[in-house]
Amino acid sequence: MSTVSPPDTWTYSLRLPRTPVAAHVARMTVRAALTAHNMRDLIHPVELLTSEMVTNTYRHTTGPASVRLTAPGDDRLRVGVWDTHPHIPAAFAHPVGHRVPFPPPDAEGGRGLCLVQAYAHAWGGLETLAGKLLWFEVKSC
């Protein structure tokens, strides 16, 4: 009789206060978790995308944020970022096939969520009772 072991699944959650260093703390957490689970090929894109999303929580909300990293065990990584603002940005409100255009070169913002669309395999947003949850998925090589 053989046993079947479950896939290598794991989850990390991080609660972030509203502070300018929140994106840095999120990047370091991503780096540590992905290194520990031998998913080094995902470090740079996941750091970038998580940092962009956490920065948006600081810029556009007045409350705390949370980051959750989940590896379901099939070489995918899902990152969710929750904040207290209920509005789901256009980049996350449409199906994955719909792309929001990059802003003009002289625009001061608006590139972060477009980067999520460029680097992630899937993304979306959900309204919650206390804000919203934006998420993206990437696949390991």
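The values are calculated or read from the model by the stated rules, or taken from the named source; none is laboratory data. Note that the structure is predicted; figures quoted are calculated from it, not measured. Cβ placement follows ideal geometry from the backbone for every residue including glycine, while neighbour counts extend to all protein chains displayed. These accessible areas exclude ligands, DNA and RNA; they are computed on the full protein's heavy atoms, side chains included. Shrake-Rupley method; radii C 1.70, N 1.55, O 1.52, S 1.80 Å.
Scan the range 31-57 for residues that are without any contact (Cβ under 8 Å) to a residue 40 or more places away in the chain and assigned to a helix (DSSP H, G or I) and jot them down.
Arg31, Ala32, Ala33, Thr35, Ala36, Arg40, Ile43, His44, Glu47, Thr50, Ser51, Val54
Go through the range 66-78 and give me each residue that's at pLDDT below 95 and open to solvent by 40 Å² or more (accessible area, probe 1.4 Å).
Selection gives Pro72, Asp74, Asp75, Arg76.
Could you list, in sequence order, the residues of the range 24-50 that are surrounded by 20 or more Cβ atoms within 10 Å (Cβ to Cβ) and under 11 Å from the mean Cα position of the chain (by Cα)?
Scanning the range 24-50 gives Ala26, Val30, Val46, Leu49, Thr50.
Take Glu108 and decide whether it is out of contact with any strand residue (DSSP E or B) (no Cβ under 6 Å at 6 or more places or on another chain), open to solvent by 50 Å² or more (accessible area, probe 1.4 Å) and at pLDDT 90 or above.
no
For the range 51-65, indicate whether the set of residues that are β-branched (Val, Ile, Thr), modelled with pLDDT of 95 or more, more than 12 Å from the chain's Cα centre (by Cα) and surrounded by 14 or more Cβ atoms within 10 Å (Cβ to Cβ) is non-empty.
No, the range 51-65 has no match at all.
Filter the range 123-136 for residues that are closer than 24 Å to His44 by Cβ and in contact with a Leu (Cβ under 7 Å, 6 or more places away or on another chain); which is least open to solvent (accessible area, probe 1.4 Å)?
It comes out as Phe136.
Among (1) open to solvent by 70 Å² or more (accessible area, probe 1.4 Å); (2) in contact with a His (Cβ under 9 Å, 6 or more places away or on another chain); (3) of a type in the set (Asp, Glu), there is one condition Asp83 misses while meeting the rest; what is its number?
Here Asp83 meets the rest and fails (1).
Only strands (runs of 3 or more DSSP E) wholly contained in the range 65-141 count here; list those with 2 or more residues that are within 21 Å of Leu34 (Cβ to Cβ) and in contact (Cβ under 8 Å) with a residue 60 or more places away in the chain.
Result: 65-71, 76-83, 131-139.
Given (1) open to solvent by 30 Å² or more (accessible area, probe 1.4 Å); (2) hydrophobic (A, V, I, L, M, F, W, C); (3) closer than 16 Å to Leu14 by Cβ, identify the lone condition not met by Ile88.
Unmet condition: (3).
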